[in-house]
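Read the structure below first, then the notes.
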Amino acid sequence: MLLRLRVSLPDRPGGLGQVAKALGTLGADILQVTVLEREAGRAVDDFTVSWPGPVTPAEARDRLAAVPGVRVEGAWSTKEVPGTALDYDLISHVAAEPARGLATLVDALPGLCGAEWALAVADGAVRHASLSAPGAFDLPEPPPRPAAVDASELRLMLLPVLGHGVHLVVARAAEAPAFHRAELDRAARIVDVVAGLSARSA
(Lines give C-alpha, C1' and ligand atoms only; values in the text may rest on other atoms or scores of the structure.)
Protein backbone atom coordinates (compact mmCIF):
# COMPACT_ATOMS: atom_id res chain seq x y z
CA MET A 1 0.00 0.00 0.00
CA LEU A 2 1.35 3.43 -0.94
CA LEU A 3 0.98 6.19 1.63
CA ARG A 4 2.18 9.75 1.98
CA LEU A 5 3.09 10.98 5.42
CA ARG A 6 3.64 14.67 6.16
CA VAL A 7 5.91 14.94 9.16
CA SER A 8 7.15 17.92 11.15
CA LEU A 9 10.38 17.11 12.98
CA PRO A 10 13.23 18.92 14.75
CA ASP A 11 15.64 20.34 12.16
CA ARG A 12 18.82 18.96 13.65
CA PRO A 13 21.41 16.33 12.69
CA GLY A 14 19.93 12.86 12.96
CA GLY A 15 16.29 14.01 12.97
CA LEU A 16 15.52 12.62 9.53
CA GLY A 17 17.36 9.41 10.32
CA GLN A 18 15.29 8.95 13.46
CA VAL A 19 12.07 9.08 11.45
CA ALA A 20 13.51 6.77 8.78
CA LYS A 21 14.53 4.28 11.47
CA ALA A 22 11.06 4.39 13.03
CA LEU A 23 9.42 3.77 9.66
CA GLY A 24 11.77 0.87 8.99
CA THR A 25 11.00 -0.65 12.38
CA LEU A 26 7.30 -0.46 11.54
CA GLY A 27 7.92 -2.30 8.28
CA ALA A 28 7.54 0.64 5.91
CA ASP A 29 9.77 0.96 2.86
CA ILE A 30 10.65 4.62 2.18
CA LEU A 31 10.36 5.32 -1.54
CA GLN A 32 10.80 9.10 -1.56
CA VAL A 33 11.39 12.02 0.78
CA THR A 34 10.49 15.60 -0.20
CA VAL A 35 11.60 18.52 1.97
CA LEU A 36 8.83 21.11 1.99
CA GLU A 37 10.25 23.65 4.42
CA ARG A 38 12.91 24.29 7.03
CA GLU A 39 12.31 27.14 9.44
CA ALA A 40 12.03 27.99 13.13
CA GLY A 41 14.10 24.97 14.09
CA ARG A 42 11.80 22.45 12.45
CA ALA A 43 11.53 20.77 9.07
CA VAL A 44 8.41 19.59 7.25
CA ASP A 45 8.95 16.57 5.02
CA ASP A 46 6.70 14.39 2.91
CA PHE A 47 7.54 10.68 3.00
CA THR A 48 6.13 8.39 0.33
CA VAL A 49 6.22 4.88 1.71
CA SER A 50 5.17 1.38 0.77
CA TRP A 51 3.54 -0.35 3.71
CA PRO A 52 3.24 -4.15 3.70
CA GLY A 53 -0.21 -5.51 4.34
CA PRO A 54 -3.34 -3.52 5.05
CA VAL A 55 -2.79 -0.37 7.09
CA THR A 56 -5.02 2.66 7.30
CA PRO A 57 -3.64 6.21 7.15
CA ALA A 58 -4.86 6.68 10.73
CA GLU A 59 -2.87 3.64 11.91
CA ALA A 60 0.25 4.88 10.13
CA ARG A 61 -0.17 8.31 11.71
CA ASP A 62 -0.60 6.88 15.21
CA ARG A 63 2.45 4.63 14.94
CA LEU A 64 4.77 7.39 13.71
CA ALA A 65 3.47 9.97 16.19
CA ALA A 66 5.07 7.92 18.97
CA VAL A 67 8.54 9.10 17.85
CA PRO A 68 9.75 11.83 20.26
CA GLY A 69 9.62 15.33 18.78
CA VAL A 70 7.70 14.22 15.68
CA ARG A 71 4.34 15.65 14.68
CA VAL A 72 2.41 13.88 11.93
CA GLU A 73 0.51 16.53 10.00
CA GLY A 74 -1.18 14.09 7.66
CA ALA A 75 -1.28 10.56 6.32
CA TRP A 76 -3.14 9.63 3.19
CA SER A 77 -3.24 7.12 0.35
CA THR A 78 -1.46 8.29 -2.79
CA LYS A 79 -1.41 7.53 -6.50
CA GLU A 80 2.14 8.76 -6.90
CA VAL A 81 4.74 6.56 -8.54
CA PRO A 82 7.96 7.54 -6.72
CA GLY A 83 11.21 7.32 -8.60
CA THR A 84 9.65 8.21 -11.94
CA ALA A 85 10.11 11.56 -13.63
CA LEU A 86 6.40 12.29 -14.04
CA ASP A 87 6.90 16.01 -14.61
CA TYR A 88 9.42 15.38 -17.40
CA ASP A 89 7.17 12.72 -18.92
CA LEU A 90 4.30 15.21 -18.87
CA ILE A 91 6.31 17.91 -20.64
CA SER A 92 7.45 15.37 -23.23
CA HIS A 93 3.86 14.31 -23.98
CA VAL A 94 2.66 17.92 -24.20
CA ALA A 95 5.53 18.89 -26.51
CA ALA A 96 4.65 15.97 -28.80
CA GLU A 97 0.94 16.86 -28.88
CA PRO A 98 0.51 20.46 -27.68
CA ALA A 99 -3.11 20.74 -28.83
CA ARG A 100 -4.02 18.27 -26.05
CA GLY A 101 -1.71 19.96 -23.54
CA LEU A 102 -4.28 20.98 -20.94
CA ALA A 103 -6.10 17.64 -21.08
CA THR A 104 -2.79 15.82 -20.66
CA LEU A 105 -1.93 18.07 -17.71
CA VAL A 106 -5.26 17.44 -15.98
CA ASP A 107 -4.80 13.68 -16.35
CA ALA A 108 -1.29 13.90 -14.89
CA LEU A 109 -1.91 16.25 -11.96
CA PRO A 110 -3.25 13.68 -9.44
CA GLY A 111 -0.08 11.62 -9.77
CA LEU A 112 2.15 14.70 -9.72
CA CYS A 113 0.51 16.20 -6.64
CA GLY A 114 -0.44 13.22 -4.49
CA ALA A 115 -4.11 14.04 -5.10
CA GLU A 116 -7.37 12.21 -5.76
CA TRP A 117 -8.46 13.96 -8.93
CA ALA A 118 -8.14 17.06 -11.11
CA LEU A 119 -10.30 18.93 -13.59
CA ALA A 120 -10.33 22.00 -15.81
CA VAL A 121 -13.15 24.52 -15.46
CA ALA A 122 -14.01 27.29 -17.94
CA ASP A 123 -17.12 29.48 -18.04
CA GLY A 124 -18.67 27.45 -15.25
CA ALA A 125 -18.37 24.11 -17.05
CA VAL A 126 -15.95 21.20 -16.66
CA ARG A 127 -13.87 21.02 -19.86
CA HIS A 128 -11.77 17.99 -18.93
CA ALA A 129 -11.63 15.73 -15.88
CA SER A 130 -9.24 13.07 -14.65
CA LEU A 131 -10.36 9.69 -13.40
CA SER A 132 -12.48 9.91 -10.22
CA ALA A 133 -13.25 13.61 -10.78
CA PRO A 134 -16.86 14.85 -10.60
CA GLY A 135 -18.65 15.72 -13.82
CA ALA A 136 -19.60 19.16 -12.48
CA PHE A 137 -17.83 21.56 -10.15
CA ASP A 138 -18.91 24.94 -8.80
CA LEU A 139 -16.10 27.49 -8.82
CA PRO A 140 -17.97 30.74 -8.11
CA GLU A 141 -14.96 33.07 -7.71
CA PRO A 142 -11.90 31.77 -9.55
CA PRO A 143 -8.76 33.16 -7.88
CA PRO A 144 -6.46 35.35 -9.98
CA ARG A 145 -3.38 33.46 -8.77
CA PRO A 146 -2.60 29.92 -7.53
CA ALA A 147 -4.27 29.21 -4.18
CA ALA A 148 -4.77 26.36 -1.72
CA VAL A 149 -8.19 26.31 -0.07
CA ASP A 150 -10.36 23.98 1.97
CA ALA A 151 -13.82 23.03 0.77
CA SER A 152 -16.41 20.62 2.09
CA GLU A 153 -14.58 17.33 2.65
CA LEU A 154 -11.81 18.34 0.24
CA ARG A 155 -8.44 20.06 0.18
CA LEU A 156 -8.16 22.02 -3.07
CA MET A 157 -5.44 23.59 -5.15
CA LEU A 158 -6.74 26.16 -7.65
CA LEU A 159 -4.51 27.03 -10.57
CA PRO A 160 -5.41 29.67 -13.19
CA VAL A 161 -4.12 28.96 -16.70
CA LEU A 162 -3.21 32.41 -17.96
CA GLY A 163 -4.27 33.18 -21.51
CA HIS A 164 -6.62 30.20 -21.71
CA GLY A 165 -9.56 31.34 -19.57
CA VAL A 166 -9.33 28.08 -17.64
CA HIS A 167 -8.86 27.19 -13.97
CA LEU A 168 -7.48 23.84 -12.87
CA VAL A 169 -8.79 22.25 -9.69
CA VAL A 170 -6.73 19.60 -7.89
CA ALA A 171 -8.36 17.79 -4.95
CA ARG A 172 -7.32 15.71 -1.97
CA ALA A 173 -9.54 14.10 0.64
CA ALA A 174 -10.08 16.05 3.85
CA GLU A 175 -7.95 13.66 5.94
CA ALA A 176 -4.89 14.76 3.95
CA PRO A 177 -3.16 18.02 4.89
CA ALA A 178 -3.71 21.19 2.90
CA PHE A 179 -1.50 21.69 -0.12
CA HIS A 180 1.80 23.17 1.03
CA ARG A 181 3.13 26.36 -0.56
CA ALA A 182 6.03 24.34 -2.02
CA GLU A 183 3.55 22.03 -3.74
CA LEU A 184 1.56 25.02 -4.97
CA ASP A 185 4.67 26.71 -6.41
CA ARG A 186 5.76 23.52 -8.19
CA ALA A 187 2.33 22.93 -9.70
CA ALA A 188 2.07 26.56 -10.83
CA ARG A 189 5.42 26.32 -12.63
CA ILE A 190 4.33 23.14 -14.40
CA VAL A 191 1.05 24.79 -15.45
CA ASP A 192 2.94 27.78 -16.86
CA VAL A 193 5.20 25.53 -18.94
CA VAL A 194 2.30 23.47 -20.29
CA ALA A 195 0.26 26.59 -21.05
CA GLY A 196 3.18 28.05 -22.98
CA LEU A 197 3.63 24.89 -25.04
CA SER A 198 -0.10 24.62 -25.70
CA ALA A 199 -0.32 28.26 -26.82
CA ARG A 200 2.13 27.55 -29.64
CA SER A 201 -0.34 25.12 -31.20
CA ALA A 202 -3.19 27.63 -31.23
Based solely on its DSSP helices, what 222 nm [θ] is calculated for the chain when runs of n ≥ 4 H residues each add -39,500 (n - 2.57) and the sum is averaged over all residues, nearest 500 deg cm²/dmol? -9500 deg cm²/dmol
Of the chain, which part is the longest with no GluC sites (Glu not before Pro) in a loop (DSSP not H, G, I, E, B) and with at most 16 other C-beta atoms within 10 angstrom? 1-152
Quick one: angle between helix 181-199 and the longest Cα principal axis of the chain, in degrees between 0 and 90, rounded to 10, please. 30
Averaging the inverse of every distinct alpha carbon separation and then flipping it gives the Kirkwood radius. What is it for the chain, in angstrom units? 17.8
What's the Cα-based Rg to Rh of the stretch 128-167, Rh via Kirkwood? 0.95
Counting alpha carbon pairs within less than 8 Å and at least 6 residues apart, what relative contact order, in whole percent, applies to the stretch 1-123? 28
Using label points projected 7 Å from each Cα along Cα→Cβ, tell me how many nm separate ALA182 and ALA125, to one decimal. 4.0
Please work out, to two decimal places, the log10 of the ratio I(q)/I(0) at q = 0.12, 0.13, 0.20 Å⁻¹ from a Debye calculation in which every Cα of the stretch 29-120 carries one identical scatterer. -0.51, -0.59, -1.05
Please turn the phi angles of the stretch 60-68 into ³J(HN,Hα) values with the Karplus equation 6.51 cos²θ - 1.76 cosθ + 1.60 (θ = phi - 60°), one per residue in order, whole Hz, x for glycine and proline. 4, 5, 5, 5, 6, 5, 6, 6, x
Could you list, bin by bin from short to long, the percent of Cα-Cα pairs of the stretch 152-195 in 10 Å steps? 27, 51, 21, 1
Relative contact order of the stretch 28-69 (C-alpha contacts under 8 Å, at least 6 apart) in percent is 34
Just to confirm, what accessible area per residue do you get for the stretch 1-147 at 1.4 Å probe, in whole Å²? 51
Of all accessible surface on the stretch 78-202 at a 1.4 Å probe, what whole percent is carbon and sulfur? 54
Compute the long axis of helix 86-96 from its Cα atoms, compare it with the longest principal axis of the Cα atoms of the chain, and write down the angle in degrees, 0 to 90, nearest 10. 20
Restricting to Cα pairs under 8 Å and 6 or more apart, the percent relative contact order of the stretch 48-202 works out to 22
Using Cα springs under 10 Å in a Gaussian network model of the chain, which residue among LEU90, LEU131, LEU154 shows the largest mean-square fluctuation? LEU131
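The values are calculated or read from the model by the stated rules, or taken from the named source; none is laboratory data. The shown structure was predicted, so the numbers you read here are calculated from the model rather than taken from an experiment. Cβ sites come from the backbone with ideal geometry, for glycine too, and all protein chains shown count toward neighbours. Protein only, heavy atoms only, side chains kept; ligands, DNA and RNA dropped before computing areas. Shrake-Rupley method; radii C 1.70, N 1.55, O 1.52, S 1.80 Å.
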